[in-house]
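Values quoted throughout were computed directly from the atomic coordinates according to the rules given, and no laboratory measurement underlies them. Please read all numbers here as calculations on a predicted model, not as lab measurements. Don't worry about glycine lacking a Cβ; one is built from the backbone with ideal geometry, like all the others, and counts go over all protein chains shown.
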């Protein structure tokens with residue numbers, strides 16, 4: 001149990017022992033299935049724990065030049081598996097220096113850069129495809145929606161696989177289970193089977209939420225082993241959420257209680273739009289320690305963010321006792337897809353980043369200041 005009173009508010013607090021629990025489970029899947037599993041920075045990029053992550057996983061994947069640089073700088077002896085929705089021409093040679101794998105998004109992009117392939121034998125090149133199926137229900141997070149800009153459809157390929165490309169990448173999951181993956185693989189084989197035996201590697205992307213309670217680990221391992229054996233191909237998975245799933249919280253403090261036409265809002269020192277934007281984009285309602293869904297007769301509050309955006313709120317929650325200014329509230333499971341997506345919109349203060357270590361030490365890794373806000377602007 002994290003001793004929240006030992007940390008400043010607001011703060012993202014990572015519980016190292018819970019991170020280790022996830023890493024050990026993922027490593028066991030990796031070893032038993034005989035696959036490679038790497039960290040997706042777009043879900044979790046807390047580089048202060050990269051050396052720890054590297055002890056369990058095979059590296060990391062980048063979707064931008066800055067992510068690729070971060071991997072090279074802070075993950076020991078590791079170059080990035082790089083995929084970008086589109087490469088900026090002036091940056092491409094930097095990617096070549098920072099990457100072990102580079103994946104193109106389209107045939108036209110491959111044509112634009114294919115002259116580099118024989119010049120860089122130490123880099124393995126591939127292309128992202130659209131497998132034509134996804135169980136992701138929210139269009140904002142579904143890369144297989146009609147007209148998607150991500151990945152090349154099967155009808156864009158001719159009778160032969162593009163020369164020099166050793167791998168195929170797809171991404172079609174978002175916090176899904178192994179049965180969703182099984183359906184995606186069936187669609188992939190239906191569309192791309194004539195190419196699969198020619199490949200050195202297949203990157204099955206992220207969204208494999210194997211650390212969620214109830215996930216069928218045995219089914220995942222059997223599925224991966226069967227596919228690997230069938231096509232004699234190296235398999236790579238790159239989960240983001242699964243690594244940091246339920247490994248820490250966002251600590252906040254009640255600043256004020258605002259009553260308006262029967263609605264009581266607890267004004268917090270955090271912002272939903274700036275510090276946990278997926279709660280509004282997905283949307284989903286985060287769990288708060290000691291709170292329940294609304295209960296008639298119990299003290300009930302809407303949670304208000306500290307920005308001036310009218311929609312910066314989340315509701316409603318009931319508590320055993322009335323809230324008051326100074327009360328601390330803990331928003332659970334706020335480590336993945338939070339820190340990587342935060343903004344300083346409205347000049348709101350950024351939560352500190354902290355770790356509660358496996359040895360029960362309370363460490364504040366980073367606090368933010370006015371200068372951090374100022375230096376993002378001009």
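Working value for region 1-73: equivalent-ellipsoid semi-axes of 24, 19, 8 Å, each the square root of 5 times a Cα gyration tensor eigenvalue, largest first. Each listed q (0.12, 0.13 Å⁻¹) maps to a log10 I(q)/I(0) for region 10-129, found by the Debye formula over equal Cα scatterers with no solvent: -0.48, -0.56. Under conditions of 25 °C and 0.890 mPa s, region 293-343 yields 189 µm² s⁻¹ as its translational diffusion coefficient, taking Rh as the Kirkwood radius over Cα pairs in the Stokes-Einstein equation.
Counting neighbouring beta carbons within 10 Å and listing from fewest to most, the residues 112, 149 come out as 149, 112.
Considering Cα pairs under 8 angstrom that are at least six residues apart, work out the relative contact order of region 122-221 and quote it in whole percent.
It comes to 32 percent, rounded to a whole number.
Here region 175-250 and region 304-346 have alpha carbon centers that stand 33 Å from each other.
With contacts taken as Cα pairs under 8 Å at a separation of at least 6 residues, region 34-244 carries a relative contact order of 21 percent. Report the residue, chosen from 296, 42, 363, that carries the largest GNM mean-square fluctuation when the chain is represented by alpha-carbon nodes joined by springs under 10 Å. Its mean-square fluctuation being the largest, the pick is 296. For region 34-244, evaluate the Debye formula with one uniform point scatterer on each Cα (no solvent term) and list log10 I(q)/I(0) at q = 0.10, 0.12, 0.18 Å⁻¹, rounded to two decimals. Result of the Debye calculation: -0.40, -0.59, -1.42. Rounded to two decimals, what is Rg over Rh for region 108-148 when you use alpha-carbon atoms and the Kirkwood radius? For region 108-148, the value is 1.17. With bins 20 Å wide beginning at 0, the percent of Cα pairs of the chain falling in each bin runs 27, 53, 19, 1. In the chain, the DSSP-assigned H stretches of four residues or longer account for a calculated mean residue ellipticity at 222 nm of -7500 deg cm²/dmol, using -39500 (n - 2.57) per stretch and the full residue count as denominator. Across the chain, the relative contact order, built from alpha-carbon pairs under 8 Å that are at least six residues apart, equals 20 percent. This ranking places 58, 73 by how few other beta-carbon atoms lie within 10 Å of each, fewest first, which gives 73, 58. Spatial offset of region 26-87 relative to region 107-144 amounts to 18 Å, using the alpha carbon center of each.
Cβ crowding within 10 Å ranks 100, 307 as 100, 307, fewest other Cβ atoms first. With axes computed from alpha carbons, what is the tilt in degrees of helix 217-231 against the longest principal axis of the chain, rounded to the nearest 10 within 0 to 90? Taking Cα atoms only, the helix is inclined about 20 degrees. For the Cα trace of region 246-367, dividing Rg by the Kirkwood Rh returns an Rg/Rh value of 0.96.
Of the beta bridges in region 180-299, as assigned by DSSP with both residues counted there, near 65 percent are antiparallel. For the listed peptides 330-336, 271-277, a ranking on the average number of other beta carbons within 10 Å per residue, highest first, reads 271-277, 330-336.
Working from label points 7 Å from Cα in the Cα-to-Cβ sense, the residue 139 to residue 333 distance is 2.6 nm. Using the average count of surrounding beta-carbon atoms within 10 Å as a protection proxy, the listed peptides 79-85, 213-219 rank, highest first, as 79-85, 213-219.
Compared with the direct C-alpha span, the chain from residue 28 to residue 289 gains 90.9 nm at full extension, assuming 0.36 nm per residue.
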